[in-house]
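Asker: The structure's right below; bear with me while I get my questions together.
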Amino acid sequence: MQRGLSVSDSDVFLFTPLVVLELAHDTKAEAITWLLNRIREKQENGGAELLVEQLLFPAQDGQKPNPNVFVVGSTLQRLLNGSEEVGMFKEFQDGTMRGFTYANRESFKDFEGDGDGFLSVAECQYIIKHELDTLRAKSEEHVPGYPKLKLYPGKSVVRRLQSKGVLVQYFPLHDKEELKRLSFSWYKKIKLSLQPLDDIRHYFGEGLALYFGFLEYFTFALVPMALIGIPYYLFDWEDYDKYVLFAVFNLVWSTVFLEVWKRCSATLAYSWGTLSRKKAFEEPRPGFHGALGLNPVTGREEPVYPSSRRQLRIYLTSVPFVLLCLYLSFYVMMVYFDMENWAISIYNENPNFSTSILLFVPSIIYAIVIEIMNLLYRYAAEFLTNWENHRLESSFQNHLVLKVLVFNFVNCFASLFYIAFVMQDMVLLRQSLATLLITSQILNQVMEAFLPYWLQRRRNKKVHKRMRRLMGDKELPLLEQVQLETDMNTYLGTFDDYLEQFLLFGYVSLFSCVYPLAAVLVVLNNITEVYSDAFKMCHVFKRPFTEPASDIGVWQLAFETMSIIAVVTNCALIGLSPQVKAYFPESETQLILIVVAIEHVLLALKFILAFVIPDVPKQIQIKLAKLEFQSLEALKKRSRALSRKCWKSRRPEILISGM
């Protein structure tokens, strides 16, 4: 285990602090003692067998600090055993990725000596989180000191405390030296090289590394679109007929893009050991509640909530609310069109420079309103999804993603569909798309890059100044680090990051044929996104626990759905082109039938292409098949050896009975 974190100059603690555990300020003393004992207790006695010590902060500006802040660590032996428990994959001597077992530790590539340095700090922190999350209640009926805080045998203690507010937060500490090296190679120098995905994965885990891998891949995939779009935009400003070719290219690009990404993500996941890693059994969410019942899978007592009641909440409350929000979105869109007509009428009456600028004002206001509505709806969707009381985090995320995607899609793209296919005004479509895209990107950059940077600099200076004033010349780097990181914002996952890329993918794949610079703007946005997101992960947010992942999850389906809609949209735009209409001057019905037929053929080709191109490269399939074969052979040998051992132990009885 790497020793990048220090407790203090005086080495008060004899272990490397990896995780910070903060309880509520008024937590009862008996509850604290009980929890610490459970954390330290041996595994065979139902404990986590971890190391934990208290941190004491000096009084700040006359206010007493929270005394219930603890740091958690572990012995190397416990971490190695824990890596086997969580099913961690590591590189074997033959180059394959295999599940780590302590018995075969010498056969793994980077295991040397006693194994110090074999596990990264992020992996150690993930193991500690797993051990804390799986710390289960035994015979306790309630948390000591809290008679009303019931405990159920076999239920996660930490999740129970978290759901009731006794446990305020727990998070992994940053490794200053490693973070400094990662920051330098990631965003502190302007470069044209690829991101250090292996280093990002090593520090933040596979889930976050896959997001940055997707962001990088998406950006590079947009380069051909941008290179083709620039000459189209410069030399064919008013000739919309020639954008038919660009729409055809858009069809091919949106199809191939996602199929190739699946292969890239499979390659990354295999090299990181998560492609064939089995998911751990999901525990109930901290906020899940219900009457006490028996889990038919685990046999443990835990809260049970009827599925019928959840479905009633979804269909009688959540669905009507989403429909109401969609109606509100359409209403705002019609107000926008009224403002657009008003601006056009003023320009027609008195065409000059000021009135020409006025033409862009409705679109700018509408873009700002869209961002505000998306933000407000996101909070409402989270509240509703939490109220639906989903048992598992994966189910919660799926329902939240569905709600947010439906609203964001309608809110961001409904006006563009209306302009394109109802008004059939390609000039207005180009203007609206450009204004929406540019305005949303400016707002996102202000909210995601400049504002967090400014706020974090102020916060860091304030904490450093306060700690220096309190401690004088004493150097207690851990206290200062914990104080700083405790006040940092909590990273809520990649949801908003993927959502932003999803909407940008929609702008490019749906309507970029009428505004070819869309790809150029998205490329520029994503380049700045890499640097701003990297800075936020390193200096604005608390370090998140690593999340093993083999792909981008439900977002792959979301992007594929958008690509199908893009095929239909671009075929329809091609059919609306005057150049195509000229071939069918007498029969509009025939044109519609032909466009629909071509669209069906393209969709069929898309699905065939998805079937023909394997999601996992062949060389990786061979490695996985070879590993599975070797595992089966090893199981057979073990079974034969066990049978021979049993047979030998029974032979004397057979000889005696034969005599």
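Asker: Which residue out of Tyr187, Tyr211 is more than 18 Å from Leu18 (Cα to Cα), of a type in the set (Ser, Thr, Tyr) and at pLDDT 90 or above?
Answerer: Criteria check complete, one pass: Tyr211.
Residues are listed down the side, and each one gets a yes or a no for (1) under 21 Å from Met488 (Cβ atoms); (2) of a type in the set (Val, Ile, Thr):
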residue: Thr101; (1), (2): no, yes
residue: Glu112; (1), (2): no, no
residue: Asp116; (1), (2): no, no
residue: Val121; (1), (2): yes, yes
residue: Arg136; (1), (2): no, no
residue: Glu141; (1), (2): no, no
residue: Gly154; (1), (2): no, no
residue: Gln195; (1), (2): no, no
residue: Glu206; (1), (2): no, no
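Asker: Still on this structure, please answer the following. Does Pro362 qualify as being over 26 Å from Lys403 (Cα atoms), in a helix (DSSP H, G or I) and modelled with pLDDT under 90?
Answerer: Yes: the conditions hold for Pro362.
Asker: Are there any pairs, at least 6 apart or on different chains, whose C-beta atoms fall under 7 Å, with the first in the range 341-355 and outside the structural domain of Ser415 (by TED's automatic domain parsing) and the second surrounded by 10 or more Cβ atoms within 10 Å (Cβ to Cβ), and if so, which?
Answerer: none
Asker: Considering the range 559-578 alone, what residues qualify as being buried (at least 20 other Cβ atoms within 10 Å of the Cβ) and among the aliphatic types (A, V, I, L, M)?
Answerer: Those that are buried (at least 20 other Cβ atoms within 10 Å of the Cβ) and among the aliphatic types (A, V, I, L, M): Met562, Ala566, Val567, Leu573, Ile574.
Asker: I'd like the residue in the range 116-160 that is touching a helix residue (DSSP H, G or I) at 6+ places or on another chain (Cβ under 6 Å) and free of Cβ contacts under 8 Å to residues at least 60 places away in the same chain and, out of all such residues, is nearest to Glu85 (Cα to Cα).
Answerer: Ile127
Asker: I want to confirm something. Restricting to the range 579-625 and keeping residues that are touching a helix residue (DSSP H, G or I) at 6+ places or on another chain (Cβ under 7 Å) and either of a type in the set (Asp, Glu) or exposed (fewer than 10 other Cβ atoms within 10 Å of the Cβ) (or both), which single residue is nearest to Thr96 (Cα to Cα)?
Answerer: In this case the residue turns out to be Asp615.
Asker: Looking only at the range 162-184, decide whether some residue is over 28 Å from Val530 (Cβ atoms), of a type outside the set (A, V, I, L, M), under 23 Å from the mean Cα position of the chain (by Cα) and assigned to a helix (DSSP H, G or I).
Answerer: yes
Asker: A follow-up question, please. Among the listed residues Val568, Val580, Val554, which satisfies the condition of being touching a residue at least 12 places away in the same chain (Cβ under 8 Å), of a type in the set (A, V, I, L, M) and over 22 Å from Val252 (Cβ atoms)? Please lay out each step first, then the result.
Answerer: Working: Val568 fails: over 22 Å from Val252 (Cβ atoms); Val580 fails: over 22 Å from Val252 (Cβ atoms).
Testing whether each residue is touching a residue at least 12 places away in the same chain (Cβ under 8 Å), of a type in the set (A, V, I, L, M) and over 22 Å from Val252 (Cβ atoms) leaves just Val554.
Asker: Still on this model: The conditions are (1) out of contact with any Asp or Glu (no Cβ under 7 Å at 6 or more places or on another chain); (2) crowded, with 18+ Cβ neighbours inside 10 Å; (3) not charged (D, E, K, R), and Tyr379 fails exactly one of them. Which is it?
Answerer: For Tyr379, the exception is condition (2).
Asker: Okay, next question. Grab the strands (runs of 3 or more DSSP E) fully contained in the range 74-160, keeping just those with 3 or more residues being more than 30 Å from the chain's Cα centre (by Cα) and surrounded by 15 or more Cβ atoms within 10 Å (Cβ to Cβ).
Answerer: Output list reads 146-150.
Asker: Let me ask another. Is it the case that some residue within the range 531-543 is touching a strand residue (DSSP E or B) at 6+ places or on another chain (Cβ under 6 Å), within 21 Å of Glu393 (Cβ to Cβ), aromatic (Phe, Trp, Tyr) and assigned to a loop (DSSP other than H, G, I, E, B)?
Answerer: no
Asker: OK, next. Give the residue that is nearest to Tyr379 (Cα to Cα), with candidates limited to residues of the range 392-412 that are among the polar types (S, T, N, Q) and buried (at least 18 other Cβ atoms within 10 Å of the Cβ).
Answerer: Asn408
Asker: Filter the range 218-231 down to the residues that are touching a residue at least 40 places away in the same chain (Cβ under 8 Å) and surrounded by fewer than 17 Cβ atoms within 10 Å (Cβ to Cβ), then identify the one that is farthest from Cys124 (Cα to Cα).
Answerer: Filtering first and then ranking leaves Ile230.
Asker: Okay, next question. Across the range 264-282, what is the number of residues that are assigned to a helix (DSSP H, G or I), of a type in the set (S, T, N, Q) and either touching a helix residue (DSSP H, G or I) at 6+ places or on another chain (Cβ under 7 Å) or modelled with pLDDT under 85 (or both)? Please lay out each step first, then the result.
Answerer: First pass over the range 264-282, keeping only residues assigned to a helix (DSSP H, G or I): 264-271.
Checking which are of a type in the set (S, T, N, Q) leaves us with 265, 267, 271.
Restricting the remaining residues to those that are either touching a helix residue (DSSP H, G or I) at 6+ places or on another chain (Cβ under 7 Å) or modelled with pLDDT under 85 (or both) gives 265, 267.
Summing the residues that are assigned to a helix (DSSP H, G or I), of a type in the set (S, T, N, Q) and either touching a helix residue (DSSP H, G or I) at 6+ places or on another chain (Cβ under 7 Å) or modelled with pLDDT under 85 (or both) in the range 264-282 gives 2.
Asker: Hey, any hits in the range 24-35 for a residue that's at pLDDT 80 or above, within 24 Å of Glu123 (Cβ to Cβ) and crowded, with 16+ Cβ neighbours inside 10 Å?
Answerer: no
The values are calculated or read from the model by the stated rules, or taken from the named source; none is laboratory data. Since the structure is predicted, the reported quantities are computational estimates derived from the model, not experimental observations. For neighbour counting, all protein chains shown are included, and Cβ atoms are generated from backbone atoms with ideal geometry for every residue, glycine included.
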